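Presented below is the structure to which this report refers.
Any read-out appearing in this document is the output of simple, stated calculations on the displayed coordinates, not a laboratory observation. This structure is a prediction, so every number in the text was calculated from the model and none was measured.
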Amino acid sequence: MGLFNNLKAKLAPAKGKVSDLAQRHEDKIQHGIDRAAKVVDERTKGKYSDKIHTGTDKAKGAVDRLAHKDEKDTGGGTTTPPSGPPPAS
């Protein structure tokens with residue numbers, strides 16, 4: 001097993017915990033991202049506003065994906081078979 005696979009296996013339990021925390025505290029995380037962006041924008045005197053805005057949007061998108069990963073199909077390749085009798089041949 002390669003280094004990447006070992007790391008991935010060790011971090012798998014943490015992914016669920018991070019997702020749960022992101023879901024429970026999503027509003028606080030979003031607010032923190034906004035505050036950090038505002039401070040950085042003020043300190044740079046608006047010079048990098050467009051880049052800060054882009055980064056803020058990407059960070060919020062990542063938090064949203066983490067918080068709502070259980071609600072979407074991740075495309076893992078497993079499907080639930082339809083209920084009922086199998087189709088006649």
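Per-structure values
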| item | result |
| --- | --- |
| Above-threshold pairs, the threshold being 30 Å between Cα atoms, out of LYS15/LYS47; LYS8/LYS58; LYS8/LYS28 | LYS15/LYS47 |
| Anisotropy class of the stretch 28-67 from Cα gyration tensor, a/c 1.5 cut | oblate |
